[in-house]
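The values are calculated or read from the model by the stated rules, or taken from the named source; none is laboratory data. Since the structure is predicted, the reported quantities are computational estimates derived from the model, not experimental observations. FYI the Cβ positions are ideal-geometry reconstructions off the backbone, even for glycines, and counts take in every protein chain you see. Areas reflect the complete protein model, heavy atoms only, side chains present, ligands, DNA and RNA absent. Shrake-Rupley method; radii C 1.70, N 1.55, O 1.52, S 1.80 Å.
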Amino acid sequence: IELMGIAYPAENIGKRRHYGGELSLTWQDRIGYFNYYVTGNWNCMQTKLLYMDEQDVPWEYLRQTSQPTGAVWGLVADVFFTSEKEIAESPVIEGFENIRPGDIKYKDINNDGKISELDQVPIGYPTSPEIVYGFGFSAGYKGFDLSCFFQGLARESFWIDVEKTSPFINNQGALLDVYAKDHWSEENRNSQALWPRLSTNIIANNNQRSTWFMQ
């Protein structure tokens, strides 16, 4: 297994803890020809890595130990760059060129003056939901019945796919209305707009796993 350029042993050495709970409630009744029931359920499951035979890392936040199963590491987004002067005075991702105003500015977590894999920290919730819940009802009257059930998920993170949603990329000529109304531009120099500057190419700096496109 390799995480952020740090190699880990292939042996199956480790210890995890699974804990959670489940609750289900149902009420049913009949009044003459009318019968009904309502139900609800709640399920919570969390898994934590208690021990892993990891190699030494320079900062504790790079360790998988003590993190939930499915934890994701990424950069912490700050705001958009608003000027060339700000870019020149800020840490930028190593090896990336042509950073311009309207691109995402990331936080230098270890304060070494550059943005690299060593600035990736655990972000968001795991990629699998830790909570699943639902509720519903059923009602019947003289041979007619109606049933509905709703289900939801909580404590789960996912990331917007920049390459698939970026306008003007891979013959994608459409521009989502929400991006059209709220993207960084010379006319809208909002450092916290929903979408960075538009381009006909994927901007590598903006296509990093980060908190900016995390949902």
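Out of (1) assigned to a helix (DSSP H, G or I); (2) open to solvent by 70 Å² or more (accessible area, probe 1.4 Å), what's the single condition that is false for residue 58?
Exception for residue 58: condition (1).
For residues in the range 74-90 being in contact with a Ser or Thr (Cβ under 9 Å, 6 or more places away or on another chain) and surrounded by fewer than 17 Cβ atoms within 10 Å (Cβ to Cβ), which is farthest from residue 61 (Cα to Cα)?
Restricting to residues being in contact with a Ser or Thr (Cβ under 9 Å, 6 or more places away or on another chain) and surrounded by fewer than 17 Cβ atoms within 10 Å (Cβ to Cβ), the top hit is 82.
Here are some conditions: (1) in contact with a Ser or Thr (Cβ under 6 Å, 6 or more places away or on another chain); (2) farther than 20 Å from residue 214 by Cβ; (3) touching a residue at least 40 places away in the same chain (Cβ under 8 Å); (4) not basic (Lys, Arg). Residue 123 meets all but one. Which one does it not meet?
(2)
Pull out all pairs, ordered by first then second residue, where Cβ-Cβ is under 7 Å, the residues are six or more apart or on different chains, the first lies in the range 26-53 and is basic (Lys, Arg), and the second is in a strand (DSSP E or B).
48/16; 48/17; 48/68
Filter the range 150-172 down to the residues that are without any contact (Cβ under 8 Å) to a residue 24 or more places away in the chain and not charged (D, E, K, R), then identify the one that is most open to solvent (accessible area, probe 1.4 Å). Give the derivation first.
So in the range 150-172, the residues without any contact (Cβ under 8 Å) to a residue 24 or more places away in the chain come out as 150-152, 161, 164-165, 170-172.
In the following step, the residues that additionally are not charged (D, E, K, R) were identified as 150-152, 165, 170-172.
Details: 150: 103, 151: 137, 152: 11, 165: 41, 170: 126, 171: 161, 172: 73 Å².
The residue in question is 171.
Report, by residue number, each residue of the range 85-141 that is more than 24 Å from the chain's Cα centre (by Cα) and of a type in the set (Ser, Thr, Tyr).
Result: 90, 138, 141.
Looking at the range 141-199 only, could you name the residues that are part of a helix (DSSP H, G or I) and not basic (Lys, Arg)? Walk me through it before giving the result.
Taking the range 141-199 and keeping what is part of a helix (DSSP H, G or I), we get 162-165, 177-181.
Those that are part of a helix (DSSP H, G or I) and not basic (Lys, Arg): 162, 163, 165, 177, 178, 179, 180.
Might you check whether a residue that is under 28 Å from residue 44 (Cβ atoms), touching a residue at least 60 places away in the same chain (Cβ under 8 Å), touching an Asp or Glu at 6+ places or on another chain (Cβ under 8 Å) and surrounded by fewer than 16 Cβ atoms within 10 Å (Cβ to Cβ) occurs anywhere in the range 135-146?
Taking the range 135-146 first, the residues under 28 Å from residue 44 (Cβ atoms) are 135-138.
Next cut, touching a residue at least 60 places away in the same chain (Cβ under 8 Å) only: 135-138.
Narrowing further to those that are touching an Asp or Glu at 6+ places or on another chain (Cβ under 8 Å): 138.
Those left that are additionally surrounded by fewer than 16 Cβ atoms within 10 Å (Cβ to Cβ): 138.
Yes, because at least one residue in the range 135-146 is under 28 Å from residue 44 (Cβ atoms), touching a residue at least 60 places away in the same chain (Cβ under 8 Å), touching an Asp or Glu at 6+ places or on another chain (Cβ under 8 Å) and surrounded by fewer than 16 Cβ atoms within 10 Å (Cβ to Cβ).
Could you list, in sequence order, all residues of the range 173-186 that are loosely packed, with under 13 Cβ neighbours inside 10 Å and over 19 Å from residue 87 (Cα atoms)? Give the steps one after another, and end with the answer.
Initial filter on the range 173-186 (loosely packed, with under 13 Cβ neighbours inside 10 Å): 173-174, 177-178, 180-181, 186.
Passing the criteria: 173, 174, 177, 178, 180, 181.
Output yes when any residue across the range 93-113 is among the polar types (S, T, N, Q), open to solvent by less than 70 Å² (accessible area, probe 1.4 Å), closer than 30 Å to residue 188 by Cβ and touching a Pro at 6+ places or on another chain (Cβ under 8 Å), and no when none is. Break it down into steps so the answer makes sense when it comes.
As a first pass, look at the range 93-113 and keep what is among the polar types (S, T, N, Q): 98, 110-111.
Within this subset, residues satisfying the condition of being open to solvent by less than 70 Å² (accessible area, probe 1.4 Å) are 110.
Narrowing further to those that are closer than 30 Å to residue 188 by Cβ: none.
No, the range 93-113 has no match at all.
What's the number of the only condition in (1) within 21 Å of the chain's Cα centre (by Cα); (2) at pLDDT 85 or above that residue 176 fails to meet?
(2)
Of everything in the range 100-118, what is in contact with a Lys or Arg (Cβ under 9 Å, 6 or more places away or on another chain) and either farther than 30 Å from residue 66 by Cα or at pLDDT below 95 (or both)? Give them in sequence order.
Residues of the range 100-118 that are in contact with a Lys or Arg (Cβ under 9 Å, 6 or more places away or on another chain), as a first pass: 100-103, 108, 115.
Selection gives 100, 101, 102, 103, 115.
Which count do you get for residues in the range 200-215 that are in contact (Cβ under 8 Å) with a residue 40 or more places away in the chain and part of a loop (DSSP other than H, G, I, E, B)?
At the first step, the residues of the range 200-215 found to be in contact (Cβ under 8 Å) with a residue 40 or more places away in the chain are 202-215.
Next, from what is left, pick out any that are part of a loop (DSSP other than H, G, I, E, B): 202-203, 208-209, 211-213, 215.
Count: 8.
Take the conditions small (Gly, Ala, Ser) and either within 30 Å of residue 150 (Cβ to Cβ) or over 20 Å from the mean Cα position of the chain (by Cα) (or both) and apply them to residue 70. Does it pass? Let's see the steps before the verdict.
On the way: small (Gly, Ala, Ser): yes; either within 30 Å of residue 150 (Cβ to Cβ) or over 20 Å from the mean Cα position of the chain (by Cα) (or both): yes.
Criteria met by residue 70.
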